[in-house]
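Worksheet: the structure to be examined is printed underneath.
The values are calculated or read from the model by the stated rules, or taken from the named source; none is laboratory data. What you see is a predicted model, and the numbers here were worked out from it, not measured in a lab. Quick reminder, even Gly has a Cβ in these numbers, built from the backbone with ideal geometry, and neighbours come from all protein chains shown. Heads up: the accessible areas ignore ligands, DNA and RNA and are worked out on the full protein's heavy atoms, side chains in. Shrake-Rupley method; radii C 1.70, N 1.55, O 1.52, S 1.80 Å.
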Amino acid sequence: MQDRLGREIDYIRISITDRCNLRCGYCMPECGVPSVSHDMILRFDEIVRLVKIFCSLGIKNVKITGGEPLVRKGAVGLIKDIKAIDGIEKVSLTTNGILLSEKLDVMAEAGIGSINISLDTLDRQKYMELTGLDGLDIVLKVIDECRAYPEIKVKINAVTLADYNRDEICALADFAADMGVTLRFIEMMPLGLGTGFGGYNQDEIMTVLEEAYGPAKTINEEVGSGPAKYYSFEGLEGRIGFISPMSHKFCRSCNRIRLTSEGLLRPCLGSDVGIDLRMPMREGASDEELASLICEGITDKPAGHRFETTDSLMSKIGG
């Protein structure tokens, strides 16, 4: 389906929980946030129903997010059910990796296509200070374990933070190359607590990488379903991706919509525009009526984000 600007919308990020087992400083307060009551969260059967409707409108790729999606019991079963929907080509997962190890076997059996693992530092003390958990070794171990599942594409997502991990840009790149996975640098977005953190933009990170590995070469072939742009370097195995909504705004080609854990359809992360699907669904709306609401949301997808004026906690919109 196309929005009013002619963008083909075929990718949805679905948050299945507002809860997380980490307290990353740019995402969630150390004390946490008030949890949404259980009855306000979409049930798995409701998510599957909505995905079937989304699919009928042209959605082909589904990303499962949170909070931390693996803290919700039955998340792998949901992935399997979504993957079984006729027309869904790929189901992927974004996770902090803490609970991933014990679920890798069933995840592969469920047909997961790719897993993005968040990792901003290779320093144990920094990791603990940032996340509130001494969990770096757990994450490093599960990234290594993922190599036993070549059918699952693994990416590391690293947010670049001022005065925190600039000196680790190359260390993260070398680690990803050694593991045979793709590293993606994500610019800090001014959302919620993220407004209090400075960061490094794509050009600044690229300068560091080119000084270490030589000139960057753009990879033109399609690598993923999202907005990341990928590059190779003569002195580095593999590729490096950038998701740069601030310095290299990609709204003109955005193909994504989001569904929050509470059933709010958000056509744009950096906008307050949203359509409630949970309430009409629970009040007996037909698939056709829900499809009409979804079409309305997609048609009116904003031309571009308004990160500078949006005030949302990242944990509530998918991390």
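Using a 1.4 angstrom probe on the protein heavy atoms only, line up Lys52, Lys90, Lys155 by accessible area, largest first. Let's see the in-between values first.
Values: Lys52 115, Lys90 45, Lys155 20 Å².
Final ranking, largest accessible area leading: Lys52, Lys90, Lys155.
Applying 1/(1 + (r/R0)^6) with R0 = 30 Å to the Cβ-Cβ distance of Asp45 and Val273, what FRET efficiency is obtained, to the nearest 0.05? It would help to have the intermediate numbers written out before the result.
Values: r = 27 Å, r/R0 = 0.89.
In this case the efficiency is close to 0.65.
Test of understanding: what is the full-extension gain from Ser35 to Val106, defined as 0.36 nm times their sequence separation minus their Cα-Cα distance? Intermediate results must be reported in sequence, preceding the final value.
Values: separation 71, 0.36 × 71 = 25.56 nm, distance 2.80 nm.
Going from the current span to full extension adds 22.8 nm.
Considering only DSSP beta bridges with both partners in the chain, what is the antiparallel share in %, to the nearest 5?
Working: 14 of 45 bridges.
Taking every DSSP beta bridge within the chain, about 30 percent pair in antiparallel fashion.
Which pairs break 30 Å Cα to Cα here: Lys83/Lys126; Lys141/Lys229; Lys217/Lys249? Write out the running numbers ahead of the final one.
Numbers: Lys83/Lys126 37 Å; Lys141/Lys229 27 Å; Lys217/Lys249 20 Å.
Correct reply: Lys83/Lys126.
Helix 202-213 versus the longest principal axis of the chain: what is the Cα-based angle in degrees, 0 to 90, to the nearest 10?
With rounding to tens, the tilt is 40 degrees.
Calculate, in nm to one decimal, what Glu283 and Gln125 gain on full extension: separation in residues at 0.36 nm each, minus their alpha carbon distance. Let's see the in-between values first.
Numbers: separation 158, 0.36 × 158 = 56.88 nm, distance 4.94 nm.
Contour length minus Cα-Cα distance gives 51.9 nm.
Less than 22 Å apart at the alpha-carbon level, and either on another chain or at least 8 residues along: which lysines does that give for Lys80?
Lys80 reaches Lys52, Lys60, Lys63, Lys90, Lys103, Lys153, Lys155.
What is the distance in Å between the Cα centres of the stretch 250-305 and the stretch 81-108?
After rounding, the separation between the Cα centres reads 23 Å.
Defining a contact as two alpha carbons under 8 Å apart and six or more residues distant in sequence, what relative contact order in percent does the chain show? List each step's numbers first, then the result.
Working: 615 pairs, mean separation 70.6, N = 319.
Across the chain, relative contact order equals 22 percent.
I'd like the FRET efficiency for Ala303 and Lys60, computed as 1/(1 + (r/R0)^6) with the beta carbon distance as r and R0 of 30 Å, rounded to 0.05. It would help to have the intermediate numbers written out before the result.
Working: r = 23 Å, r/R0 = 0.77.
That gives a FRET efficiency of 0.80.
Based on DSSP loop calls and a cut-off of at most 12 other Cβ atoms within 10 Å, the longest stretch of the chain free of exposed GluC sites (Glu not before Pro) is what?
Numbers: sites that count: Glu30, Glu151, Glu221, Glu222, Glu234, Glu283, Glu308.
Between exposed loop sites, the widest span is 31-150.
Bin all alpha-carbon pair distances of the chain at 10 Å intervals from 0 and give each bin's fraction as a whole percent.
In whole percents, the pair-distance histogram is 6, 27, 37, 24, 6, 1.
So how much accessible area does Cys27 have, in Å² to the nearest 10, using a 1.4 Å probe?
The accessible area comes out at roughly 30 Å².
Where only protein heavy atoms count, and the probe is 1.4 Å, what is the accessible area per residue for the stretch 38-187 in Å²? Walk me through the numbers before you get to the answer.
Working: 6090 Å² over 150 residues.
Counting only protein heavy atoms, the per-residue value for the stretch 38-187 is 41 Å².
Per 0.36 nm of contour for each residue apart, how much would the distance between Ser253 and Tyr149 grow if the chain were fully extended, relative to their Cα-Cα spacing?
Details: separation 104, 0.36 × 104 = 37.44 nm, distance 3.17 nm.
Difference between extended and current length: 34.3 nm.
Rounded if a/c is under 1.5, else prolate if a/b is larger than b/c, else oblate: which is the stretch 118-267, with a ≥ b ≥ c the root eigenvalues of its Cα gyration tensor? Intermediate values should be presented prior to the final figure.
Working: a/c = 1.22, a/b = 1.08, b/c = 1.12.
Rounded, since a/c falls under 1.5.
Would you work out what percent of the accessible area of the stretch 1-154, with all protein chains in place, is carbon or sulfur (probe 1.4 Å)? Before the final figure, lay out the partial values.
On the way: 3370 of 6690 Å².
Whole-percent figure for carbon plus sulfur exposure: 50.
With every protein chain left in place, what is the accessible area of Ser292 in Å² (1.4 Å probe, nearest 10)?
The accessible area of Ser292 comes to roughly 70 Å².
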